[in-house]
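Just below is one structure, and these are the notes that go with it.
The values are calculated or read from the model by the stated rules, or taken from the named source; none is laboratory data. All values derive from a computational prediction rather than experimental measurement. Positions of Cβ are generated from backbone atoms using ideal geometry, with glycine treated the same way; all protein chains shown enter the neighbour counts. SASA here: full protein model, heavy atoms, side chains in, ligands and nucleic acids out. Shrake-Rupley method; radii C 1.70, N 1.55, O 1.52, S 1.80 Å.
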Amino acid sequence: MSDAAHNSLVAHQFDDARQQQEAATVGMWTFLITEIMFFGGLILAYMIYRNQFAESFHAASRVLDVWVGCFNTCVLLVSSLTMALGVRAAQMGDRKKLVLFIIATMIFGAAFLGVKAYEYAEKFEHHLVPGPTFHFHGVPGHEHAPNAEIFFSLYFAMTGVHALHMIVGLGLMTWLLRKSIKGTFSKDYYNPVEICGLYWHFVDIVWIFLYPLLYLIDRS
Amino acid sequence: MDTTSTVERVSATGIISDTIRTNFLNADYGIKSWLLTKDHKRIAILYLISITVFFMIGGAFAAMIRMELITPEADVFTSEAYNKVFTTHGIMMVFFFLIPSIPATLGNFLVPVMVGARDLAFPRINLLSWYIYVIGGLFTLTALVLGGVDTGWTFYTPYSSTYSNGYVMLTGIGIFITGFSSILTGLNFIVTVHKMRAPGLGWFRLPLFVWANYAASLIMVLGTPVVAIGIVMIALERGLGLGIFDPRLGGDPVLFQHIFWFYSHPAVYIMILPGMGVVSEIMACFSRRHIFGYKFIAFSSLGIAIIGFLVWGHHMFVSGQSSYAGIVFSLFTFIVAVPSAIKVFNWTATMHKGRIVYSTPMMYALGFIGLFLVGGLTGLFCASLGVDIHIHDTYFIVAHFHYVMVGGSVMAYLGGIHFWWPKMTGRMYPEGWGRFSALLVFVGFNLTFFPQFIAGYLGMPRRYHVYPPEFQIYNVLSSGGALVLGIGFMIPLIYLFWSLKYGEKAGPNPWRAAGLEWETTSPPPTFNFDYQPVVDHEPYNYSEIDARSSATVSTHSVQEEQHV
Amino acid sequence: MWNFPLLPDQASTFAGRVDGLYFFLVALTAFFTVMISLMVAFMAIRYRESNTKVNRDNPLPENPTMEAVWIGVPLVIVLVIFFWGVNIYFAIARPPANAVDMYVTGKQWMWKIQHPTGQREINEIHVAVGQPVRLTMISQDVIHSFYVPAFRVKQDVLPGRYSQLWFEPTKPGIYHLFCAEFCGTKHSGMIGRVVVMESADYERWLAGGSSNGGSLGQTMADAGAQIFEAQGCITCHKMDDASRAPILKGLYGKSVALNGGETVIADEQYIRESILRSGAKIVAGYGPIMPVYQNRISEDELMQLVSYIKSLGGPATGTPAATPSAAPASETKGTPAAAKPAQNVNEPSRNK
């Protein structure tokens, strides 16, 4: 067993903090690639059906509230900013700021989910949830969408899976919050903040794709 | 460097040390020390036990299939029960045995040792992957106990999403969960190979087993999430009434097949690539030669992994996909045959002017080459558009993929288990029984599956509970073979278990094999090495090893000292 | 039981070609398996550990030339097989112009066949030697697969989309018809027979009109024309007036400009989709006023409607042998558009 300087923050399998940090980062990136493939399956389905049922998709998309979506996009972008500032604070070893930014990130994340829940509830009321009660009325000038149910199936699948990722992200933030309150992180050890940040940004970026795909098609 | 390890490394040259040392097995005791372990070797043993359980379940269902098919009529099961039986066989074998088989057991045990690391990069994630696997397995077993599922392991929509009244959701959730264990294992391997290699261990000094597992990991990481989302979509459709594949809403059920095979064809390479890695190790060791064409074998693994992602549509030649898509997929499928051919030729060339030792692992490896040849070459039938239209979804396909998955992966898996058994347990298995069982498996396997090629070309569709009487003779032969094959699988199970207590003690390197894993003790200590291994030579340096073993032990230890 | 058949009957024009490639592949497989196994066995024996007399000097070194050979040779071989296979595939994928149309509906767990002349069969399909047949197939529920081993043809039968398959029988006899795609509990019971008859026998069979599924009592196109009236299609789709809806005469096989600016070929699939979900692809210049007929028309009736619309002719008339006689009849039927409303009231109940 090498007698290298194994401080308590370097796990036994690593030689040094640098190796540990590199491994964690490569690991997170690899994981994010699997996530891309995961969402890729949904986006593939979306592309095929949108191509096939262009008119239905255009009409169905108009039912979604662009401004609510826009608000949510802004909320998420701001949460990404606070996350990035949090990582910066961790790198500087500024515990107070770190805690503050993590809390801010969590608030914005929760706000996003709240708005999402409101949107879902609205869909329920308007019979836009696929199933036996589904009934599409459309908006004036765009009532006609024979395949709207497919669009809304994809809408719920895509935003639902995304929301699930947000919830996981909030879980990670809670864990980070606990650790940073305890003072685990320092200038020399902030890697968990960094890789949780990577995850958070990734979930944001997914939304950056979902928003135009679902809300912004054929808006003129 | 302390003295005990010096003694050990002297013994690495051939003297078996009698002193009982601390190793990963006796480092700690009690069920908790196993269930909470972060040691990759213990996790490998946990995996070994659990996949053996699933293998036996899957095997029992295979036996039921063969029993039912002895006669053309329905005599053991109702159609409904039979459909559940073959579905369970497929699900258990594919998702719970073949995919984790070599990576999660041998790979988990050996990859860190082979790269000279103390553990995988993320030991806790590794343990988590085992728990995920077990939880997924429990979900699927629960579905089985409640009444089973009858969609076939392929879950084709709209049967799975709308019409089947089996426990599709529960099974699907089980497979979805298990998928994550595969992703986490792959992720761990990729990071470990990239970041944890010992000093001096460049990419082209890695054992081919590591290359093969690395290639398989790429597939696990890139492919598994896609089938996962496919299963999610089925679950949403079945459980919540969304309709992504529902033809009544204009959805396309064939889209599911694309998503499914995008993973499930490369998944075949998750099964076979690590097997090829095992065979490369065994062929070199028991030919006592440097492996022929190291770089070609290494790159052919990557080639298979990459081109393997472009061939999924060959499962869908008659599904109604565009004929031009069919042609492109056919072409890529033919091209992916070439890297497999490269490997076979290189293994054969490795034997040239070698010193062939007929050990059990070698017999499994030679059996692998023969069966994989047939499995691979019959793959050309399936890749060829004109012929595949006839043989698609017949027993020809069943025979073909069993030649690759059982004749290939399982033979390699058993060969690997025998090869590294002394390393994992510190005990030797009985060689005579080993050779006998290898022979029995080989004969039983061919008897089981060769007749299915003929039945398939005659037109017997797969998943048929009752069948026209002209196919009977081939089914009788197949069922007879299955009995032999079953016995062939039971024997190792018994004697390997027996050897844990009564087997001869193995030294660190009973095969005089090359590779870092043979430089440490058997079984290895918790952190694999008592020193920091440094690699200063090419892999598979068997000529040096053999030259050395004719010299005296003392010169050895001096040479070994250079490692320090 | 104690005979060992090796090949199914060769009963279509494809059978010989597919078997030819098959035999080549069998020979190739046997050659490589035997060759490599012999090489392995030879080396395993000659270079066995106990044989100390054999010369082990200069073993094969790493050799890029050898690698190139065994990369190149297999590559060439597989490309030959690839082109050979594609060649056969093209033949299987392209029905000839003189093929007779037949219509197949798959459902759990039976095959329903409609002849254009009105005969209907269940789990049985009668065809004539030397007469190419083109099947237009659809499923009412899950995916099935129409498989006749003696013809070496197979095609999945999908819900919601027509797929097609063609063959030309060459040998009279009775052959297996299997469902090859797992479709549920009685999957292995979804079998039937293909009866290949000499032309004269086939004519007699057609004339007899008796078959296990009964008969429409009229041609499919005629039956389609009746539905066309009964469902009220004819009130908008007139023969000579395109003001409310496009004229369907001469539509089949034509390329149609859509509202979105795209064009599609009016094939069976397009016609079917336009009836069920008219809004998906609207012809340029028309509004989305056509009602949705989904769940109001069965797949069998849809096929009759399609057959009717096809019988109205089209630019590239690959007009099937049986339909020309039907076409004039249906056209005359189509014109008197009088007693429509009354029928319209009665019809929906019949369709349930």
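What is the distance in Å between the Cα centres of the range B:314-386 and the range B:243-283? Distance between centres, Cα-based: 17 Å. Taking the Cα centre of the range B:37-561 as origin and assigning +1 to Lys and Arg Cβ atoms and -1 to Asp and Glu Cβ atoms, the resulting dipole is close to 840 debye. Contact residues in the range C:43-79 (at least 40 Å² less accessible area with all protein chains than alone, 1.4 Å probe): C:Met43, C:Ala44, C:Tyr47, C:Glu49, C:Arg56, C:Pro59, C:Leu60, C:Glu62, C:Glu67, C:Trp70, C:Ile71, C:Val78.
Measuring heavy-atom accessible area with a 1.4 angstrom probe and counting protein chains only, the residues of the range B:231-253 that give up at least 50 Å² relative to the chain alone are B:Leu242, B:Ile244, B:Leu249, B:Gly250. Put simply, the amide H of C:Ala128, placed in the peptide plane, has neighbours under 5 Å in C:Met197, leaving out anything fewer than 5 places away on its chain. Working ranking of peptides B:363-370, B:196-203, B:230-237 by packing, defined as the average number of other Cβ atoms within 10 Å per residue, highest first, is B:363-370, B:230-237, B:196-203.
Rank these residues by their accessible area, most exposed first, probe 1.4 Å: C:Ser307, C:Ser274, C:Ser255. Before the final figure, lay out each step's value.
Numbers: C:Ser307 5, C:Ser274 25, C:Ser255 70 Å².
Final ranking, largest accessible area leading: C:Ser255, C:Ser274, C:Ser307.
Starting from the Cα of C:Lys281, draw a straight line to each of the lysines and keep only those under 21 Å, dropping any in the same chain fewer than 8 residues away. Excluding near neighbours in sequence, the set is C:Lys238, C:Lys249, C:Lys254, C:Lys310.
FRET efficiency for C:Val73 and B:Asp28, Cβ-Cβ distance as r, R0 = 51 Å, nearest 0.05? If you can, show how the numbers build up before the last one.
Numbers: r = 55 Å, r/R0 = 1.08.
Calculated transfer efficiency: 0.40.
Close lysine pairs were tallied over chain B: pairs 8 or more places apart or on different chains with Cα atoms under 29 Å apart number 25. Peptide C:149-161 shows a mean partner chain C-beta count of 6 within 10 Å per residue C-beta.
Legend: mean number of C-beta atoms from other chains within 10 angstrom of residue C-beta atoms, peptide A:38-50, equals 5.
Relative to 2.2 N^0.38 Å, what does the C-alpha radius of gyration of chain C come to as a ratio? Two decimals please. List each step's numbers first, then the result.
Working: Rg = 27.5 Å, N = 352, 2.2 N^0.38 = 20.4 Å.
For chain C, the normalised Cα radius of gyration comes out at 1.34.
Once the Cβ-Cβ distance of B:Ile487 and A:Thr174 is raised to the sixth power relative to R0 = 41 Å, the FRET efficiency obtained is 0.15.
Treat every Asp and Glu Cβ in the protein assembly as shown as -1 and every Lys and Arg Cβ as +1, leave all other atoms uncharged, and give the resulting dipole magnitude about the Cα centre to the nearest 20 debye. List each step's numbers first, then the result.
On the way: 74 positive and 75 negative charges, 213 e Å.
So the dipole magnitude of the protein assembly as shown works out to roughly 1020 debye.
Ignoring ligands, DNA and RNA, please state the percent of accessible area on the protein assembly as shown from carbon and sulfur, probe 1.4 Å.
Working: 27640 of 41850 Å².
Carbon and sulfur atoms account for 66 percent of the accessible area of the protein assembly as shown.
Where a ≥ b ≥ c are the square roots of the eigenvalues of the C-alpha gyration tensor, would you call chain A rounded, which needs a/c under 1.5, or, failing that, prolate if a/b is larger than b/c, or oblate? In terms of gyration-tensor shape, prolate.
Residues of the range B:82-120 that bury at least 30 Å² of accessible area when the other protein chains are present, relative to the chain alone (probe 1.4 Å, heavy atoms, ligands and nucleic acids excluded): B:Asn83, B:Arg118.
Shape of the protein assembly as shown from its Cα gyration tensor (a ≥ b ≥ c, root eigenvalues): rounded if a/c is under 1.5, otherwise prolate when a/b > b/c, or oblate? Cα axes put the protein assembly as shown in the oblate bin.
For the protein assembly as shown, what is the accessible area per residue in Å² when the probe is 1.4 Å? Working shown, then result.
Details: 41850 Å² over 1136 residues.
Accessible area per residue, the protein assembly as shown: 37 Å².
Along its three principal directions, the equivalent ellipsoid of the range B:213-281 from the Cα gyration tensor extends over semi-axes of 33, 10, 7 Å, largest first. Dipole orientation for chain B: of the candidates B:Ile99, B:Ala121, B:Val398, B:Ala121 has the Cα lying most toward the positive pole (charges on Cβ; Lys, Arg +1; Asp, Glu -1). The mean count of C-beta atoms from other chains within 10 Å of the C-beta of residues in A:152-160, rounded to a whole number, is 4. Which of C:Val129, C:Val76, C:Val86 moves most in a GNM of chain C, Cα contacts under 10 Å? Checking each option, the largest mean-square fluctuation is seen for C:Val76.
Which of the listed residues, C:Thr105, C:Met190, B:Ile297, is farthest toward the dipole's positive end in the protein assembly as shown, when Lys, Arg count +1 and Asp, Glu count -1 at the beta-carbon? After comparing all options, I get B:Ile297.
Once the Cβ-Cβ distance of A:Val115 and C:Arg296 is raised to the sixth power relative to R0 = 30 Å, the FRET efficiency obtained is 0.15. As a ratio to 2.2 N^0.38 Å, the alpha-carbon radius of gyration for the range C:80-188 is 1.07. For the chain pair C and B, the interface hides roughly 7600 square angstrom of accessible area in total, found with a 1.4 Å probe.
Assuming a ≥ b ≥ c are the square roots of the Cα gyration tensor eigenvalues, decide whether the range A:120-220 counts as rounded (a/c under 1.5), prolate (otherwise, with a/b larger than b/c) or oblate. Cα axes put the range A:120-220 in the prolate bin. Considering only A:Met37, A:Leu98, A:Phe57, the residue lying farthest towards the positive end of the dipole of the range A:19-117 is A:Leu98, judged by Cα position with unit charges set on Cβ.
Sorting check: for B:77-89, B:180-192, A:58-70, A:162-174, which peptide has the highest mean count of neighbouring beta carbons within 10 Å, and how do the rest follow?
On the way: B:77-89: 21.1, B:180-192: 26.5, A:58-70: 18.3, A:162-174: 16.8.
In decreasing order of mean packing, B:77-89, B:180-192, A:58-70, A:162-174 become B:180-192, B:77-89, A:58-70, A:162-174.
Charging the Cβ of each Asp and Glu at -1 and of each Lys and Arg at +1, and nothing else, the dipole of the range B:353-460 about its Cα centre rounds to 580 debye.
Averaging 1/r over every pair of different alpha carbons in chain B and inverting the result gives a Kirkwood radius of 24.2 Å.
Kindly rank C:105-116, C:55-66, A:146-157, A:96-107 from highest to lowest mean number of other beta carbons found within 10 Å of each residue.
Values: C:105-116: 21.7, C:55-66: 11.4, A:146-157: 25.9, A:96-107: 19.2.
Taking the mean over residues of other Cβ atoms within 10 Å, the ranking is A:146-157, C:105-116, A:96-107, C:55-66.
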